[in-house]
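Computed from the coordinates by the stated procedures, all read-outs in this text should not be read as laboratory data. Only a predicted model underlies this, so the values are computations on that prediction, with no experimental measurement involved. Reconstructed Cβ throughout: ideal geometry from the backbone, glycine too, with neighbour counts over all protein chains shown.
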Amino acid sequence: MAAIQGMCARIGIVTTQGLTVTLKNHYPKSILYLMLLFSFPAITFNIGADIHAMGSVANMLFPAIPAFAFSAFITGILIFVIIKVSLSTAGLDIKMVMLVIVTIRNCSISRETGLGTGYAKYLHSFHSIQ
């Protein structure tokens, strides 16, 4: 799956079109339909596996709620976002969420390893001067 995604990304960068449009323009329709026949189930199962993995991780955090309930909830959220939210808004929201996650992660790492102590001493000395 990763190889197909990488190939599609490279084709998209070079041609500014997706894999199916490129196949449609340069190959017989039989090749296009054969590719769709094999890739559609793989993509669908991959999305299902990702949703199940998210449900399982949420179940580890909250064991009282079964994983399938989390998976159904996550699927509902995804369907709602796909239908109701524009792609540019969803992309901006995902960027903001990732920024928050990376910030929280970096803060926890600096607290555990003591990397932030120099900055904390600097702030403390700055406040004591005033």
Ascending count of other beta-carbon atoms within 10 Å, so fewest first, for Ser30, Ser39
Ser30, Ser39
R0 of 25 Å, Cβ-Cβ distance Ala9-Phe62: FRET efficiency to nearest 0.05
0.10
Taking the Cα-to-Cβ direction at Asn46 and at Lys24 and moving 7 Å from each Cα, how far apart do the two end points lie in nm?
2.0
Simple spin-label estimate for Val85/Val102, 7 Å along Cα→Cβ, in nm, reads 1.8
